[in-house]
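The values are calculated or read from the model by the stated rules, or taken from the named source; none is laboratory data. Computed from a prediction, not measured in an experiment: that's the story for all the values here. When we count neighbours, we look across all protein chains shown, and the Cβ atoms used for this are built from the backbone with ideal geometry, even at glycine. To get the accessible areas, we keep the full protein, side chains included, count just its heavy atoms, and leave off ligands, DNA and RNA. Shrake-Rupley method; radii C 1.70, N 1.55, O 1.52, S 1.80 Å.
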Amino acid sequence: SIIILFGPPGSGKGTHAPKIVEEIGAPQLSTGDMLRAAVAAGTEVGTKAKAVMESGGLVSDDIVVGIIKDRIQEDDCAKGFILDGFPRTVDQAKMLDACLAETSEKVARVIALQVPDDVLTERICGRWIHKASGRSYHSKFAPPKSLAGRDPTPETMLDDETGEPLMQRSDDTEEALSQRLQAYHAQTVPILEHYEAIVSVVDANQDVASVWTEIEKVLP
Ligand code: AP5
Ligand code: ZN
């Protein structure tokens, strides 16, 4: 099935997507991860997206829809996929629907993670990621084993599985976050009305295990 994992920055999309992948055996497609990979590789898309992402704005619909269209043609998407961070505007949603309609497919469920804005700042500012795998940690809420009660630094924050250093995202600052939240409320929330009939709202302002229990209940 095709699932949209929806929610503001820091709501837990990246935290829960890998578990849905395990549960339903379809890949996670994160436009944020794909764009960060393009920036790191210095591709044309990456060059266009870099400054917009750092400031917390939205990359143009044409660029992200282009990336998604290419990706969903791949073999591993034949039985469905989990969209993380896409669509993010009503126009992106309409373009996705049109693209899926060509092969008589449609989105099965929108899982909307709800968290109040004031909780998101602490989550975002304490996040550390393992770039190669996309695994996400938090210095307080989801510390790696290596931290062992010490202060979070690049030396103490290491990936549990590989031991490689974790890093912080360049848009995980208070300034960029306020732009990201503004874009979320103005441009992304209206998508919920577009998909009204298939939206399941989940209270994501709980510990990770409780959020996951609720997500599992609404998986198609
Ligand atoms: P993207 O990468 O999608 O970022 P985002 O939407 O801002 O979401 P985040 O990745 O910050 O949050 P998340 O929900 O994944 O949270 P996580 O699980 O990591 O996009 C980045 C940028 O790319 C955009 O700003 C835009 O410029 C561009 N872009 C991407 N897609 C686009 C599109 N479609 N159109 C246009 N532009 C696009 O959790 C966060 C932290 O909290 C972690 O440390 C985690 O451990 C912790 N945590 C998670 N859940 C809990 C919990 N229940 N309790 C305590 N801590 C928790
Ligand atoms: Zn994410």
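Descriptive notes on the structure:
- Selection status of residue 107, more than 13 Å from ligand 1 (Cβ to nearest atom), closer than 19 Å to residue 202 by Cβ and in contact (Cβ under 8 Å) with a residue 24 or more places away in the chain: yes
- Residues that are outside any helix (DSSP H, G or I) and more than 15 Å from ligand 2 (Cβ to nearest atom) were ranked within segment 4-26; the one that is most open to solvent (accessible area, probe 1.4 Å) is 25.
- Any hit, segment 150-167, residues being assigned to a loop (DSSP other than H, G, I, E, B), open to solvent by less than 50 Å² (accessible area, probe 1.4 Å) and at positive phi: yes
- Selected residue [touching a Ser or Thr at 6+ places or on another chain (Cβ under 7 Å), in contact (Cβ under 8 Å) with a residue 40 or more places away in the chain and among the charged types (D, E, K, R)] from 84, 33: 84
- Of everything in segment 27-47 that is open to solvent by 30 Å² or more (accessible area, probe 1.4 Å) and within 16 Å of the chain's Cα centre (by Cα), the residue that is farthest from residue 196 (Cα to Cα) is 37.
- Residue among 117, 171 that is open to solvent by 20 Å² or more (accessible area, probe 1.4 Å) and in contact with a Leu (Cβ under 9 Å, 6 or more places away or on another chain): 117
- Within segment 149-174, residues that are more than 19 Å from residue 134 (Cα to Cα) and modelled with pLDDT of 95 or more sit with their Cβ atoms under 9 Å from residues that are open to solvent by less than 80 Å² (accessible area, probe 1.4 Å) and of a type outside the set (Gly, Ala, Ser), at 6+ positions apart or across chains, in these pairs: 150/156.
- Selection status of residue 129, of a type outside the set (Lys, Arg), touching a strand residue (DSSP E or B) at 6+ places or on another chain (Cβ under 9 Å) and crowded, with 19+ Cβ neighbours inside 10 Å: yes
- Those residues of segment 1-29 which are hydroxyl-bearing (Ser, Thr, Tyr) and near ligand 1 (Cβ under 6 Å from one of its atoms), in sequence order: 11, 15
- Among residues of segment 48-73 that are surrounded by 15 or more Cβ atoms within 10 Å (Cβ to Cβ), those with a Cβ under 6 angstrom from a residue that is of a type in the set (Gly, Ala, Ser), sequence gap 6+ or separate chain, pair up as 54/170; 56/176; 58/183; 59/49.
- Test: residue in segment 7-20 that is at pLDDT 95 or above, more than 14 Å from the chain's Cα centre (by Cα) and within 14 Å of residue 170 (Cβ to Cβ): no
- Flag if residue 213 is β-branched (Val, Ile, Thr), under 28 Å from residue 49 (Cβ atoms) and open to solvent by 40 Å² or more (accessible area, probe 1.4 Å): no
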